[in-house]
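Shown next, in structure tokens, is the structure this report addresses.
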There are 4 protein chains.
Amino acid sequence: MSKIRVGIYGAAGYTAGELMRLLVHHPNAEVVCAQSESQVGKKVTEIHTDLIGDTNLVFSAHLDYQNLDVLFLCKGHGESRVFLAGNPAPDSVKIIDLSNDFRLKADADGFVYGLPELNGPAIPKATMIANPGCFATCIQVGLLPAAQAGIIQSEIHTTGITGSTGAGQSLSPTSHFSWRNQNMSLYKAFTHQHLDEIGESLTQLAGKSHVVNFIPFRGNFTRGIIATSYFDTDASEAEAYALYEAFYKDQPFTHVTNRNPDLKMVVNTNKAVVYLKKEGNKLLAISMIDNLLKGASGQAVQNMNLIFGLEETAGLNLKPTGF
Amino acid sequence: MSKIRVGIYGAAGYTAGELMRLLVHHPNAEVVCAQSESQVGKKVTEIHTDLIGDTNLVFSAHLDYQNLDVLFLCKGHGESRVFLAGNPAPDSVKIIDLSNDFRLKADADGFVYGLPELNGPAIPKATMIANPGCFATCIQVGLLPAAQAGIIQSEIHTTGITGSTGAGQSLSPTSHFSWRNQNMSLYKAFTHQHLDEIGESLTQLAGKSHVVNFIPFRGNFTRGIIATSYFDTDASEAEAYALYEAFYKDQPFTHVTNRNPDLKMVVNTNKAVVYLKKEGNKLLAISMIDNLLKGASGQAVQNMNLIFGLEETAGLNLKPTGF
Amino acid sequence: MSKIRVGIYGAAGYTAGELMRLLVHHPNAEVVCAQSESQVGKKVTEIHTDLIGDTNLVFSAHLDYQNLDVLFLCKGHGESRVFLAGNPAPDSVKIIDLSNDFRLKADADGFVYGLPELNGPAIPKATMIANPGCFATCIQVGLLPAAQAGIIQSEIHTTGITGSTGAGQSLSPTSHFSWRNQNMSLYKAFTHQHLDEIGESLTQLAGKSHVVNFIPFRGNFTRGIIATSYFDTDASEAEAYALYEAFYKDQPFTHVTNRNPDLKMVVNTNKAVVYLKKEGNKLLAISMIDNLLKGASGQAVQNMNLIFGLEETAGLNLKPTGF
Amino acid sequence: MSKIRVGIYGAAGYTAGELMRLLVHHPNAEVVCAQSESQVGKKVTEIHTDLIGDTNLVFSAHLDYQNLDVLFLCKGHGESRVFLAGNPAPDSVKIIDLSNDFRLKADADGFVYGLPELNGPAIPKATMIANPGCFATCIQVGLLPAAQAGIIQSEIHTTGITGSTGAGQSLSPTSHFSWRNQNMSLYKAFTHQHLDEIGESLTQLAGKSHVVNFIPFRGNFTRGIIATSYFDTDASEAEAYALYEAFYKDQPFTHVTNRNPDLKMVVNTNKAVVYLKKEGNKLLAISMIDNLLKGASGQAVQNMNLIFGLEETAGLNLKPTGF
């Protein structure tokens, strides 16, 4: 079988670089076009320098749908919708959008929300995927089984801590090494933009809405998100574990553990790990992912695999960094 | 005036080292005895190597109350009570205990809980001080004004992230650099031992008890604690700010800010910083301290200053690291 | 073809964990026995927790040569020789030793020094491989082409900085997070144990000995080694580049770049990257590897691939962390 | 005595912030004017946020020499000369320049090179001080006694690793947290701009020039510089120690140690620490400073103290971070 021909729009950014790190070794796909206005004419390895020896691709100014089977949109929020309006894709080309332009039902325009743990049956039939947000993925993985089972009996209290790569490669005071190193800070307490997609997914499974109080922190590490969510419930810890294990039993990347985990268990992998603990009437779910993989480009490749009928894990059996 | 003669019991550990970093430059106090069983006979600068050029003190096996005006107890939890039982202090020697042995009212045995923001009037009259815990100090600073004003109308939801020095110098898998670096993890969710002292202080001010749901994280930085606490309240953000500013107006180290802060504002200082934000019916308080200073040795020196009638800030006007 | 059956002696340590991270996804090999005295009976995922979902292996007390095609020795220096003396391997089992027991010619006892860039032709015929040291690999990659070409006309001046995983998982003051974070220090200046194997390799290629003045630093990062080596030479920068590119042209993992590199280009890969710069009469070579991969377990798998006639890159097309 | 009135030109940058961190607690000096074009009208605490509670100063557009006793110039290289040309200082105002505009003898225009270890007698008589560079200070501290004694019998081989604050607050790809964290890289090998001032100082003491081969690294930490320098010598280690101890015996901040040091011994202090080791015919000197203190603003205050006849350590008895 010939390889799936992949195009990337906005190929100089962080999620695009991560896509290429994955796809240079994917057995069934190949990046044939890396579009970037800012870097046009440069070798991909001049920007994503760790790909040395892995690719001779050069950034191009334009994309040609005729040469593509799938297009990943990797530019900033708002730009995907603009691009597609000006460049409508033919039926032959699948679209996987990493921005937040089409994630919410009211904005979806035919896009399927690409969280396999939630929409597993729908994704393989989709032609357009709205790839979930990183915090949204992490928090949902910690809550979806409970929402479906209806055991959430209070508001939800969530804290999440993200690595710096979540903010991409644009330079800013809060991503300046001298500031960020050894530092912690918050942003968008209670108002993070991912709350909407989380809310819709919980409603989809629970049949009713839940309040999520979400405190996001900037962490002084580069990769990964760890989230804690707790709520009142009558369910026991054992019952909760049974629900979560059943919910994720066919998911190749999402693992339930009964040992207190740490973030580096998932760094540089497409895995999600969930741990549960009951104290009094509160059930705590700890969930963690790599924000650039399961939280972005890894999940995007997982969606590509599902759409094209490939092994779901193709190209995603990644060596964790471990350290 | 001759300098206050200071003894330190357990002088080889982290909080003791921090005490000595402070006291070598304190205008009114001098460490005359640094007791350590494990390091007896060695120079202090062999263990606390950054004191090079600042002290010629040698660790000694024994303490002699006759030579001391104040004794800081810097060994592990449980050991202070044992030491004092075997070595009862004369009235002439003040005791400042950095362990958790005497913090709770039921265990106090005459010790005063040494949080100046809470017990300012009582501390100068005390002869024995139970120095608060680090997480306890940070979280209380974020909650005390609200508790006193009676504006906390729900359970309290608290997250705290601590630097590695909170775990001291003993080697453990969770303090191993290869594991801890770039990593995040939780411990003692809902059951941290500092909840008891926090609870007593809230009750002291509020006249009733409050539930604090506390999720403690291990951070991948060395110094500092940042905590977030929120609860339902009818009070407006402006009302809350007014309460907090009034509560802390005479406190030299505790500052209320209306700009979203970051942890390094307080690192290597004895400051506490509090920031407030209202969203919907929730009031969020962000509080932060340096765990070894305002959370331990700095506050211990502050208590010493108060007991001996010195300027409260003596020896505590510290240059922040900034970076 | 059935998979190569792999045994690991000392399977609870860092290099063994890294081997398993590689081999769980290797297309032609499978770990069938993970020996560890200290962890016998525990699941491998209890120790190497990031392998969750990847293996059900349990640590075993013993190894049975009959079930193995290759045995990796992953215990401390000196222990490999003791083990093999007590448990001589049959001809049917290849041995790959990650310690320094058999690296030097005087100690080799039939082992081949397993640096493919140096001993490419000999390795496929070997039955016993002495896997090179991490610093030794990094520094040699920067010097071998120059040694072979005879262009080194002075003593060599080398600095190397290593990540903390080079010191393994044993707890020590210099691997304590509170000490190591934000810190730098030196050890074994001019006397590092890897100088012997470096010296032998240079002599093997140059036909004469070279003096290497080596200053090793402990870095405050977890993975990777960066080394700088310079020496007087009449060769121009262009001539040097030509030599290095020719020397490495058939090496799948070693890349020569003409852009000033950074360490994270190689982290979590089996790559080595070399950069050259001429200033005055000095040629500077910067070389870098991941100490646990090209500097240990990755190179061990590369050697396994060569011995068993597999694709040299099998199981080693790794996604870099990038960040 | 009234306090020395301090002005700062370019007060929003890193070295200026560090100056203010020092001067808010200096017993004999007070910042009366903080000039910044970019931040004019803002509170100093909006930019240097860790000064909360310490100052009410507001950035101003202009400086008035009549209100000043000393002016620190804290803008970029080249800007000090331009400023002074347009705003010549009256005799009553001392100038301390932190840029490299006046460090070299050919450019000095009456400025004295402000390294107290080198020019101790000249500084108190100076009216204009060229404050040394950070790498220059660190490397000179490791070499000056040997140069003066004439024991350097070969080229000098130097490696230095600097924290990120050396690059200031301007945002750049190499100071982006996601790139810099866990990373190492080099810049300006053999050609660093500080080599000129180092060379002049060595010549001043040795009466002849020395070759310094200098490899500068960017470290993944925020504060500090560690440098290693070695050269051939007939002097023994004991002789070298005697020379260094004699050379620095009256220096309050520069300490010679016979224990292998680590960088955090000096972080957040104005200290320099030097360690010596002889191997074969090579003498190795390890030296370390905090780049923002002894390498910039701390040394600037030390120079101010010397000029105004204050205690040399006034305002500079700083608590190290330790961790």
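The values are calculated or read from the model by the stated rules, or taken from the named source; none is laboratory data. If you're wondering where the values come from, they're calculated on a predicted model, not measured in any experiment. Here the Cβ is made from the backbone with ideal geometry for all residues, glycine too, and neighbour counts use every protein chain on show. Heavy atoms of the whole protein, side chains included, go into the accessibility calculation; ligands, DNA and RNA do not. Shrake-Rupley method; radii C 1.70, N 1.55, O 1.52, S 1.80 Å.
Brief remarks on what is shown
- Scanning the stretch C:32-46 for residues that are touching a Leu at 6+ places or on another chain (Cβ under 8 Å), more than 14 Å from chain A (Cβ to nearest Cβ) and not small (Gly, Ala, Ser) turns up C:Val32, C:Cys33, C:Gln35.
- Any hit, the stretch A:187-197, residues being among the aliphatic types (A, V, I, L, M) and either assigned by TED's automatic domain parsing to the domain that holds A:Ala16 or open to solvent by less than 10 Å² (accessible area, probe 1.4 Å) (or both): yes
- Residue satisfying all of: in the stretch A:270-317; small (Gly, Ala, Ser) and under 19 Å from A:His26 (Cα atoms); farthest from the other protein chains (Cβ to nearest Cβ) among these: A:Gly309
- Qualifying residue in the stretch B:135-145 (condition: modelled with pLDDT of 95 or more and more than 18 Å from the chain's Cα centre (by Cα)): yes
- Only one entry of C:Phe72, C:Phe83, C:Phe59 meets the criterion of being surrounded by fewer than 23 Cβ atoms within 10 Å (Cβ to Cβ), assigned to a strand (DSSP E or B) and away from every other protein chain (no Cβ under 14 Å), and that entry is C:Phe59.
- Test: D:Gly168 is on the phi > 0 side of the Ramachandran plot, within 14 Å of another protein chain (Cβ to nearest Cβ) and either open to solvent by 40 Å² or more (accessible area, probe 1.4 Å) or in contact (Cβ under 8 Å) with a residue 60 or more places away in the chain (or both): yes
- Of the criteria (1) open to solvent by 20 Å² or more (accessible area, probe 1.4 Å); (2) without any contact (Cβ under 8 Å) to a residue 40 or more places away in the chain; (3) under 30 Å from C:Thr49 (Cβ atoms), which one C:Ser178 fails: (1)
- When B:Asn220 is tested against (1) more than 8 Å from chain C (Cβ to nearest Cβ); (2) closer than 30 Å to C:Phe323 by Cβ, exactly one condition is not met: (1).
- Some residue of the stretch A:182-201 being assigned to a helix (DSSP H, G or I) and either within 14 Å of chain D (Cβ to nearest Cβ) or more than 17 Å from the chain's Cα centre (by Cα) (or both): no
- Residue within the stretch D:232-245 that is assigned by TED's automatic domain parsing to the domain that holds D:Leu143 and over 16 Å from D:Leu283 (Cα atoms) present: no
- Just one of the numbered conditions (1) under 23 Å from C:Gly315 (Cα atoms); (2) in contact (Cβ under 8 Å) with a residue 12 or more places away in the chain is not true of C:Asp64: (1).
- The requirement of being of a type in the set (A, V, I, L, M, F, W, C), in contact (Cβ under 8 Å) with a residue 40 or more places away in the chain and in contact with a strand residue (DSSP E or B) (Cβ under 9 Å, 6 or more places away or on another chain) is fulfilled nowhere in the stretch D:290-299; no residue meets it.
- Filter pass, D:Thr15 being within 14 Å of chain B (Cβ to nearest Cβ), part of a helix (DSSP H, G or I) and modelled with pLDDT of 95 or more: yes
- Note on the stretch D:227-254: residues that are within 20 Å of D:Gly160 (Cβ to Cβ) and either without any contact (Cβ under 8 Å) to a residue 12 or more places away in the chain or among the polar types (S, T, N, Q) (or both) amount to 3.
- No other residue among B:His48, B:His62 is farther than 27 Å from B:Leu202 by Cα and either under 23 Å from the mean Cα position of the chain (by Cα) or of a type in the set (A, V, I, L, M) (or both) apart from B:His48.
- The single residue among C:Thr203, C:Thr127 that is touching a Ser or Thr at 6+ places or on another chain (Cβ under 8 Å), open to solvent by 10 Å² or more (accessible area, probe 1.4 Å) and among the hydroxyl-bearing types (Ser, Thr, Tyr) turns out to be C:Thr203.
- Among the residues examined, D:Tyr244 does not qualify as at the interface with chain C (Cβ under 10 Å from one of its Cβ atoms) and aromatic (Phe, Trp, Tyr).
- Residue match in the stretch A:137-147 (condition: outside any strand (DSSP E or B) and open to solvent by 30 Å² or more (accessible area, probe 1.4 Å)): no
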